[in-house]
Amino acid sequence: MIVGVPKESFPGERRVALVPSVVPSLNKAGLEVVIEQGAGREAGYPDAAYSEKGVKILPDRAAVFEEADIIAQVLCYGSNDRTGRADLPLMRPDQVLIGFLRPLGSREVVEEIAGKQVTSFAVEMMPRTTRAQSMDALSSMATACGYKAVLIAADRLPKFFPMLTTAAGTITPSRVLIIGVGVAGLQAIATARRLGAVVSAYDLRPVVKEQVQSLGARFVELPIEAKEAQDARGYARAQDEAFYAKQRELLGRVVAESDVVITTAVVPGKRAPVLVTTDMVRGMAPGSVIVDLAAERGGNCELTRAGETVVDGGVTIIGQINLASTVPYHASSLYARNVTAFLLHLTKDGKINLKLDDEITRETLLTRGGEIVNARVREFFSLPALAAQA
Ligand code: NAD
């Protein structure tokens, strides 16, 4: 079978779904690779690097969709809400599509994809299990985002991060607060610590306390307890407005004492909770910086504007989206390894081998044979359950 990689079309997107180094393992499994000319250029992988691995370079996107049995993308239609729709007429029945599809985004869009009769797999739905760890693209991208958020904050902050002892006197270290300690939050803690900041972190899931402390940060304990903070998959559960109001009240003092706040708090399928209000921003010292990694999901800060930088009372609130794309070489390399592990899981002797009794296959499979087949997505969109499929 042939795996095709089109050039990413979302404006400003620099990543690519497969990098040259993964090609030999795909070939060994009986999968050939073709790419659209220039697909990896922005990420630091020129066409020649692919050709050296025996990859065929095709002149345009249409040729990739025509030749490939499997299309691997980073942002497919669904997550690419700007230019992704142009791919619909290129899709062929039973073609396999792998990438970020935003399965809990818009029902109409997922139905449009289903209507093309493609067998699509949404990498966002990958189970967070040990067995699926090597295929977990969300974690890979969150790692890139958490790292970059700290660098952006450090660049914007009018202060040093580390403590410095100089002939001109001693500089005290900056104080960084991370709200939401999932994969991105943990990477943000580690990066801010490497830069020498004094780091605190808070999450409504108390189980992360030890992880925070093991990275040398202080865990902020608030005298409120979330109801069933974590679901079976390890994600935070949505709380009621009274809980969020209490959280904001208690977080106010910690936020006011911080030079940098990085927020990453999200709940699957829901708008991100507002944890930093306008009043809390006004309580921060001028020059302070907030980087809101939840910007695309509505933002954790009341003043966040997705894709924009807002300055209020001297405090900068950065709502930049798609941060993983700003570290495209390594973000692509990690993503390519995730996709490769997933492809090896989905195929046998170079052919797609769909085993729906397998959790990884079943949970990521979004559309097939003209329908949305994912049970979780059907439930989310209040569609009737389908009879069990073989
Ligand atoms: P996420 O992106 O869904 O959320 C980010 C963080 O925000 C989470 O830690 C969440 O608890 C927190 N949050 C949500 N609402 C909040 C609120 N009101 N106040 C404070 N914090 C709030 O998280 P993620 O990075 O996708 O990780 C989700 C879970 O999956 C974690 O338990 C993580 O350890 C786990 N995980 C497991 C594996 C694996 O086993 N293979 C891989 C990756 C992640």
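A few comments on the model shown:
- For region 244-253, the criterion of being surrounded by 14 or more Cβ atoms within 10 Å (Cβ to Cβ) and touching a strand residue (DSSP E or B) at 6+ places or on another chain (Cβ under 6 Å) is met by none of the residues.
This table checks each residue for (1) in contact with a Lys or Arg (Cβ under 9 Å, 6 or more places away or on another chain); (2) surrounded by fewer than 21 Cβ atoms within 10 Å (Cβ to Cβ); (3) at pLDDT below 95.
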{"site": "L18", "(1), (2), (3)": "no, no, no"}
{"site": "E36", "(1), (2), (3)": "yes, no, no"}
{"site": "A39", "(1), (2), (3)": "yes, no, no"}
{"site": "Y45", "(1), (2), (3)": "no, no, no"}
{"site": "A49", "(1), (2), (3)": "no, yes, no"}
{"site": "G54", "(1), (2), (3)": "no, yes, no"}
{"site": "L58", "(1), (2), (3)": "no, no, no"}
{"site": "A63", "(1), (2), (3)": "no, yes, no"}
{"site": "L75", "(1), (2), (3)": "yes, no, no"}
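- In region 10-44, the residues that are over 17 Å from the mean Cα position of the chain (by Cα) and of a type in the set (V, I, T): V19, V22, V23, V33, V34, I35
- So E241, is it over 25 Å from the mean Cα position of the chain (by Cα), of a type in the set (D, E, K, R) and open to solvent by 30 Å² or more (accessible area, probe 1.4 Å): yes
- Within region 212-226, the set of residues being on the phi < 0 side of the Ramachandran plot, more than 11 Å from the ligand (Cβ to nearest atom) and under 26 Å from the mean Cα position of the chain (by Cα) comprises Q213, S214, L215, A217, R218, F219.
- Contact map, region 233-260: first residue part of a loop (DSSP other than H, G, I, E, B), second residue surrounded by fewer than 16 Cβ atoms within 10 Å (Cβ to Cβ) and of a type outside the set (A, V, I, L, M), Cβ cut-off under 7 Å, separation 6 or more or different chains; pairs are R233/R128; G234/R128; R237/E228; R237/D231; A238/K270; Q239/K227.
- Residue count, region 115-151 (criterion: assigned to a helix (DSSP H, G or I), aliphatic (A, V, I, L, M), over 12 Å from the mean Cα position of the chain (by Cα) and buried (at least 19 other Cβ atoms within 10 Å of the Cβ)): 3
- For T165, the criteria (1) of a type outside the set (G, A, S); (2) assigned to a strand (DSSP E or B); (3) open to solvent by less than 30 Å² (accessible area, probe 1.4 Å) hold in every case but one, which is (3).
- Of the helices (runs of 4 or more DSSP H) lying entirely inside region 274-390, those containing at least 1 residues that are open to solvent by less than 60 Å² (accessible area, probe 1.4 Å) and acidic (D, E) are 359-364.
The values are calculated or read from the model by the stated rules, or taken from the named source; none is laboratory data. Computed from a prediction, not measured in an experiment: that's the story for all the values here. Using ideal geometry, Cβ is built from the backbone for each residue, glycine included, and neighbour counts are taken over all protein chains shown. All accessible areas refer to the heavy atoms of the entire protein, side chains included, with ligands and DNA or RNA removed. Shrake-Rupley method; radii C 1.70, N 1.55, O 1.52, S 1.80 Å.
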